[in-house]
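S.K.: Next up is a structure, given as structure tokens.
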Amino acid sequence: MPKVSLEEDNITSTYEAEEDEIIYHALDRHGKKLPHGCLAGSCGSCRIIVLNGESNLRDPGYIETDTIRHLKESYQEKYGEDFLKNKTIRLSCRAKILKNEIKIKPLK
């Protein structure tokens with residue numbers, strides 16, 4: 001069974017997920033609320049950084065890809081080109097876990 005490890009304030013908690021389940025829904029089912037807005041992948045409020053296990057996620061779809069591109073542009077304008085270097089941004093309301101374990105943290 002896939003697992004989602006969530007890092008917040010230097011504390012990591014791990015939750016079970018169903019195969020092909022959206023990260024946001026998996027955590028919500030366990031009573032863990034992540035930041036969110038539209039839950040459709042357009043607003044970017046549910047942005048996360050994948051710390052480990054990126055290959056255990058389904059590839060992003062068009063809406064998620066477009067929103068991530070805009071988020072990256074915004075962060076780079078505000079914090080510089082290197083801010084997100086070697087970091088994977090995903091949207092918890094769109095990203096689906098396929099297998100094994102992933103480790104994430106909210107991106108503020």
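Residue-wise test of (1) part of a loop (DSSP other than H, G, I, E, B); (2) surrounded by fewer than 18 Cβ atoms within 10 Å (Cβ to Cβ); (3) in contact (Cβ under 8 Å) with a residue 60 or more places away in the chain.
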residue: 6; (1), (2), (3): no, no, yes
residue: 12; (1), (2), (3): no, yes, yes
residue: 15; (1), (2), (3): no, yes, no
residue: 28; (1), (2), (3): no, yes, no
residue: 31; (1), (2), (3): yes, yes, no
residue: 41; (1), (2), (3): yes, no, no
residue: 48; (1), (2), (3): no, no, no
residue: 51; (1), (2), (3): no, yes, no
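S.K.: Has the stretch 56-73 got at least one residue that is open to solvent by 30 Å² or more (accessible area, probe 1.4 Å), within 14 Å of residue 21 (Cβ to Cβ) and touching a helix residue (DSSP H, G or I) at 6+ places or on another chain (Cβ under 9 Å)? If you could, list the steps in order and put the result at the bottom.
M.R.: Going residue by residue through the stretch 56-73, those that are open to solvent by 30 Å² or more (accessible area, probe 1.4 Å) are 58-63, 65-66, 69-70, 72-73.
Among the residues that remain, those that are also within 14 Å of residue 21 (Cβ to Cβ) are: 58.
Narrowing the set further to residues that are touching a helix residue (DSSP H, G or I) at 6+ places or on another chain (Cβ under 9 Å) leaves none.
Checked against the condition, which is being open to solvent by 30 Å² or more (accessible area, probe 1.4 Å), within 14 Å of residue 21 (Cβ to Cβ) and touching a helix residue (DSSP H, G or I) at 6+ places or on another chain (Cβ under 9 Å), the stretch 56-73 yields no hits at all.
S.K.: How many residues does the stretch 74-108 contain that are open to solvent by 70 Å² or more (accessible area, probe 1.4 Å), over 19 Å from residue 39 (Cβ atoms), assigned to a loop (DSSP other than H, G, I, E, B) and at pLDDT 95 or above?
M.R.: Number satisfying all stated conditions: 1.
S.K.: I'd like to verify a number: residues in the stretch 17-26 that are touching a strand residue (DSSP E or B) at 6+ places or on another chain (Cβ under 6 Å) and part of a loop (DSSP other than H, G, I, E, B), how many?
M.R.: Qualifying residue count, the stretch 17-26: 2.
S.K.: A further question follows. Consider only pairs whose beta carbons are under 8 Å apart and that are at least six residues apart or on different chains; among these, list those whose first residue lies in the stretch 73-97 and is over 28 Å from residue 28 (Cα atoms) and whose second residue is surrounded by 16 or more Cβ atoms within 10 Å (Cβ to Cβ).
M.R.: Qualifying pairs under 8 Å: 76/84; 83/75.
S.K.: Identify the residue in the stretch 1-44 that is charged (D, E, K, R) and under 15 Å from residue 102 (Cα atoms) and, among all such residues, is modelled with the lowest pLDDT.
M.R.: As a first pass, look at the stretch 1-44 and keep what is charged (D, E, K, R): 3, 7-9, 16, 18-21, 28-29, 32-33.
Among the residues that remain, those that are also under 15 Å from residue 102 (Cα atoms) are: 3, 7-8, 16, 18-21.
On the way: 3: 97, 7: 97, 8: 93, 16: 97, 18: 97, 19: 96, 20: 97, 21: 97.
The selected residue is 8.
The values are calculated or read from the model by the stated rules, or taken from the named source; none is laboratory data. Bear in mind that the values here come from a model prediction, so they are computed numbers and not experimental data. All Cβ positions, glycine included, derive from the backbone under ideal geometry; neighbour counts span all protein chains shown. For accessibility, only protein heavy atoms count, side chains too; no ligands or nucleic acids. Shrake-Rupley method; radii C 1.70, N 1.55, O 1.52, S 1.80 Å.
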